[in-house]
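Here's the structure, in structure tokens; my notes come after.
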Amino acid sequence: MAVKEKLPMGIEDFEEIRTMGYYYVDKTGLIRTLIENFGKVNLFTRPRRFGKTLNMSMLKYFFEIGADSGLFQGLEIAKEKELCQNYMGKFPVLAISLKNVEGATFDKAKAKLRSVIGSEAVRLTFLAKSSRLEETERQQFAKLLELDSKGEFAMSEELLENSLLMLSRFLHKHYGKKTIILIDEYDVPLDQAYHSGYYSEMVNLVRALFGQALKTNSSLYFAVLTGCLRISRESIFSGLNNFNAYTVKDVQYNEYFGFSDREVRKLLAFYGFTEKYGAIKEWYDGYRFGNLEIYCPWDVVSYCHALKMNPSVKPQNYWVNTSSNHIIRKFIDKADGTARDEIELLINGGTIQKKICQELTYRDLDSSTENMWSILFTTGYLTQQGEDEGHSTRLSIPNREIQWIFTEQIRQWFEAQARKDIGKLENFCKAFLENNVPVIEEGFTSYLRKTISIRDTSARKERKENFYHGILLGLFGNMGGWKVRSNAEAGEGYSDISIETEEGTGIIIELKYAEHAAFADTCRKALEQIKERGYEELLVDGGMKTIYRYGIACYKKRCKVISG
């Protein structure tokens, strides 16, 4: 039996994928399209984990002098015989990634940038002995390699700003061929600087670095940059006349980042997971790049890898673990009543109309809620539905995974808000100990009005109940001395919430979603379930002397409570 290719979990190096037996979704058509639509400077913006880094690695291995044609054997680009003959292995290439250029201070981030540039210079050490460079040029190159007493690259800020320009000129002179410059994750240093308080300094440095290398550089053949955001041209790309930006709204290049439906079906068939297609589509599809539906490749590969280990494993939230998702939390914190209603509509499967600005500076992020919608769109938390209508874009949450991220961030926000009024929270919780049904009902309704609810009519009843269940658990979690269990085995089933207190009082709660606002009947069914299945046995075994049973029915932002 033949061994199937390994799934490329986190593998972003094209050579490694092609030589170490990994499955590769062929994106080499990007090379042909890039050459046919030649632009001096090309920026591709896509959300994180959509294959940007792997594509940049693929470009490097194709264009760089000394390229191994065997890496591309059997791939789409290999069919373009004349193109390969004219372009494969014909150019010097400068390739850097800025994804780790970060730090708590500007000096620390600048040291990371020196390390990135210095490491690329080390890769090109043959320039130090190039007979085609003047002695002064070889000395300049040597300056890029100098280390300080800590063993870190010591180049001055002026040298750092000139570094890409210098390297491209040295390569041009050495090979007699203009240089291709590849800059991956170009916007990460700006994002980190914005959050750490040195944005102005970093903008000035990046503007100088890019301006020298991309604007007035006669040794540049072409450049490709990738990132999540299209930073304002005036901010760091001012003066670039031959500048092409391709965003998630553009039709051009839409098939080269992320997986198409056809590619996902082919991958699933290859590994024997075709029956998982529906679940994968529900969880990881839904992005729209230009006019094409796209899956998040990181999620698809991660889930298929999990399936190989355990064929019965359920879809998980893989994308969420690759970032802090602070942008959603910040947005919820800033959102007014109208914006929260719109978030609620999105979570429940609806759409909203918004004017999207794709070219922003980081200073614009906090200037208005409307700009935050644009950031959520460009970073992949929202996607477009259909074509633009006038000057506005119809937005939706792409899939189940992103819906979960929103829901989780809202839950955390709600719990933080509840803790701000600890007196109100304690009174609400103590009402359960006092069997004070009116206070419980009034308090829970008040909390429901303040949060963002999930009432999607297409959602399963269990999912709706889980939302209310989660809110109550979050509220009870603030009570010291309470032993709170969720879905604990009790009697002949699993009770929704059971609580043991130090005072010897036990609480059993069964939550149900009241279809069509049938509150009374739903509460009675909840209480009957508690009694019929003997949920209180767990509390009796725990030594609770007094036990209160509550049936709670919820519908939208209303509830009813019955004690029995």
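The values are calculated or read from the model by the stated rules, or taken from the named source; none is laboratory data. This is a predicted model, so every value here is computed, not measured. Cβ placement follows ideal geometry from the backbone for every residue including glycine, while neighbour counts extend to all protein chains displayed. Keep in mind that these areas ignore ligands, DNA and RNA; they rest on the heavy atoms of the full protein, side chains included. Shrake-Rupley method; radii C 1.70, N 1.55, O 1.52, S 1.80 Å.
How much accessible area per residue does the stretch 76-222 have, counting only protein heavy atoms and a probe of 1.4 Å, in square angstrom?
Accessible area per residue: 46 Å².
How much of ARG485 can a 1.4 Å solvent probe reach, expressed as accessible area in Å² and rounded to 10?
60 Å²
What number comes out for accessible area per residue over the stretch 319-405 if the probe is 1.4 Å? Units Å², please.
Numbers: 3450 Å² over 87 residues.
That works out to 40 Å² for each residue.
Can you pull the percent of the stretch 42-173's accessible area that's carbon plus sulfur, 1.4 Å probe, other chains left in place?
Carbon with sulfur: 47 percent of the solvent-accessible area.
For the stretch 122-127, take each phi angle, set θ = phi - 60°, evaluate the Karplus expression 6.51 cos²θ - 1.76 cosθ + 1.60, and give the result in whole Hz per residue in order, putting x for glycine and proline.
4, 4, 10, 4, 4, 5
Roughly speaking, to the nearest percent, how much of the stretch 408-452's 1.4 Å accessible area is carbon and sulfur?
45 percent
Only helical DSSP H runs with n ≥ 4 go in: add -39500 (n - 2.57) per run for the chain, normalise by residue count and round the 222 nm mean residue ellipticity to 500 deg cm²/dmol. Please list the in-between numbers first.
Working: 22 runs with 250 residues, N = 564.
Mean residue ellipticity at 222 nm (helix-derived): -13500 deg cm²/dmol.
Considering only Cα-Cα distances, which of the following residue pairs are longer than 29 Å: LYS52/LYS81; LYS6/LYS281; LYS215/LYS330? Could you put the intermediate results ahead of the total?
Working: LYS52/LYS81 25 Å; LYS6/LYS281 22 Å; LYS215/LYS330 35 Å.
With Cα atoms farther than 29 Å apart: LYS215/LYS330.
Can you give me the accessible area per residue for the stretch 406-538, using a 1.4 Å probe, in Å²?
Normalised by residue count, the accessible surface of the stretch 406-538 is 47 Å².
Heavy atoms only, probe 1.4 Å: what % of the accessible area of the stretch 475-564 goes to carbon and sulfur, would you let me know?
For the stretch 475-564, the apolar C and S fraction of the accessible surface comes to 41 percent.
So what's the net charge close to ILE352: Lys and Arg +1, Asp and Glu -1, counting the other residues with Cβ under 9 Å from its Cβ?
Local net charge: +1.
Cα centroid distance between the stretch 391-431 and the stretch 261-338, in Å?
A separation of 22 Å, based on Cα centres.
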